[in-house]
Amino acid sequence: VQLQASGGGLVQAGGSLRLSCAASGRTFSMSAMGWFRQAPGKEREFVATIDWSGGSTFYGDSVKGRFTISRDNAQNTVHLQMNSLKPEDTAVYYCAEGGYYAGTSYSEYDYVYWGQGTQVTVSS
């Protein structure tokens, strides 16, 4: 399984970005998907998760109400729509797949496969 994240970039505070993660492999449609982020000097932080069907989502407190996770199982893709971005959202964003774990999870230990990360920079 390979995960390819894209869509990062530089944006002003208050702006929006849409991250995408394309997955190879046969487990995607059965798997939980998650987004995590890591800022310089900080630990990796949970951002959002979605279950295998797309029917259940869960967000970290710092992004709740601003970010939306979605998935397209026909295209093996998961998206993260980020609105009202703040400078503190600046980080490398990683997508992750849960393998045979199908539910939502905020724990990085429930994810088996990780993408390479995409940089998001929000200027003030």
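Condition first: open to solvent by 10 Å² or more (accessible area, probe 1.4 Å) and closer than 14 Å to GLY115 by Cα. Now tell me which residues in the range 77-100 satisfy that.
So the first thing to find is which residues in the range 77-100 are open to solvent by 10 Å² or more (accessible area, probe 1.4 Å), and the list is 77, 79, 81, 83-84, 86-88, 90, 92, 94, 100.
Residues satisfying the conditions are THR77, HIS79, VAL92, TYR94.
I'd like to check which strands (runs of 3 or more DSSP E) are fully inside the range 29-115 and have at least 2 residues that are closer than 13 Å to LEU19 by Cβ. Spell out the reasoning first.
Working: elements: 33-38, 45-50, 57-59, 67-72, 77-82, 91-97.
Qualifying strands (runs of 3 or more DSSP E): 33-38, 45-50, 67-72, 77-82, 91-97.
One line per residue, one yes/no per condition, for (1) open to solvent by 40 Å² or more (accessible area, probe 1.4 Å); (2) over 20 Å from SER107 (Cα atoms); (3) touching a Pro at 6+ places or on another chain (Cβ under 6 Å):
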{"residue": "GLY7", "(1), (2), (3)": "no, yes, no"}
{"residue": "SER16", "(1), (2), (3)": "yes, yes, no"}
{"residue": "SER24", "(1), (2), (3)": "yes, yes, no"}
{"residue": "ALA32", "(1), (2), (3)": "no, no, no"}
{"residue": "ARG37", "(1), (2), (3)": "no, no, no"}
{"residue": "ALA48", "(1), (2), (3)": "no, no, no"}
{"residue": "GLY60", "(1), (2), (3)": "no, no, no"}
{"residue": "LYS64", "(1), (2), (3)": "yes, no, no"}
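The values are calculated or read from the model by the stated rules, or taken from the named source; none is laboratory data. Quick caveat, the model's predicted, so the values are computed rather than measured. Neighbour counts are summed over all protein chains in view; Cβ atoms, including those assigned to glycine, are modelled from backbone coordinates with ideal geometry. The protein model used for the area step is the full one, side chains on, heavy atoms only, and it has no ligands, DNA or RNA in it. Shrake-Rupley method; radii C 1.70, N 1.55, O 1.52, S 1.80 Å.
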